[in-house]
Amino acid sequence: MKTILTLIFSFLSLTAAAQVEQDNKQKIQQVLNTFMRCISNKDSTTFYSLFHQDPVVWIGVFGSKTTEYVQKQDKNFNPVITDNYTSFFRSLLPINAEEKFYNTVIVEDGYIASVTFDYSFWQDRKKLNWGKESWGMIKVKDQWKISSVIFSMEYEAIKAEKK
């Protein structure tokens, strides 16, 4: 009888843990969806609320093809981009922008998460650039917050994204 109760308790514990993990992944996916929606809708208040308090790392690097092309025109071109989420968002206000995320992988332990995905950035329904992106996230008061953003970028006109 004791063995059966132990098995039942173990099964219930594993089921509960799996449900919590699924809930965390769903909440993290909601952050990604909200991020994309805020860009399209120009909703700065909600966008800013997705991030943990400063400092939030925001750094990118241009891919080799784009770097090579741009350096031919500008020998001083720096392929490393350092910015912040507020400047990024403000740069989008004058344009009709959209960002799309796909091939998302979420790894989390209930407290921190690593989210990686492919992205493409669009203006007026034309793809401008694409790359890989990775977010570090932390859970604060039962809400997932972005604490770092790193990304690569290739200009579509220079190196088209493979389908």
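Remarks
- Selection of the stretch 108-126 for residues being touching a Phe, Trp or Tyr at 6+ places or on another chain (Cβ under 7 Å) and either acidic (Asp, Glu) or more than 17 Å from Phe89 (Cα to Cα) (or both) yields Ala113, Val115, Phe117, Asp118.
- Odd one out for Ile158, checked against (1) more than 12 Å from the chain's Cα centre (by Cα); (2) touching a residue at least 24 places away in the same chain (Cβ under 8 Å); (3) assigned to a strand (DSSP E or B): (3)
Residue-wise test of (1) within 12 Å of Asn24 (Cβ to Cβ); (2) aromatic (Phe, Trp, Tyr); (3) in contact with a Pro (Cβ under 6 Å, 6 or more places away or on another chain).
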| position | (1), (2), (3) |
| --- | --- |
| Lys100 | no, no, no |
| Tyr111 | yes, yes, no |
| Arg125 | no, no, no |
| Trp135 | no, yes, no |
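- Residues of the stretch 82-98 that turn out to be surrounded by 14 or more Cβ atoms within 10 Å (Cβ to Cβ) and over 22 Å from Arg125 (Cα atoms), as a count: 3
- Take the conditions (1) part of a loop (DSSP other than H, G, I, E, B); (2) within 19 Å of Thr34 (Cβ to Cβ); Asn78 misses just one of them, which is (2).
- Residue among Gln143, Gln123, Gln53 that alone is among the polar types (S, T, N, Q) and at pLDDT below 95: Gln53
- If you check Ile146, Ile150 for being under 9 Å from the mean Cα position of the chain (by Cα) and farther than 17 Å from Asn33 by Cα, only one passes: Ile150.
- Residue in the stretch 119-152 that is surrounded by the most Cβ atoms within 10 Å (Cβ to Cβ), counting only those that are acidic (Asp, Glu) and either over 29 Å from Asp23 (Cα atoms) or without any contact (Cβ under 8 Å) to a residue 24 or more places away in the chain (or both): Asp124
The values are calculated or read from the model by the stated rules, or taken from the named source; none is laboratory data. The structure presented is a predicted model; accordingly, all values stated were derived computationally and were not measured. With ideal geometry, Cβ positions are generated from the backbone for all residues, glycine too; neighbour counts draw on all protein chains shown.
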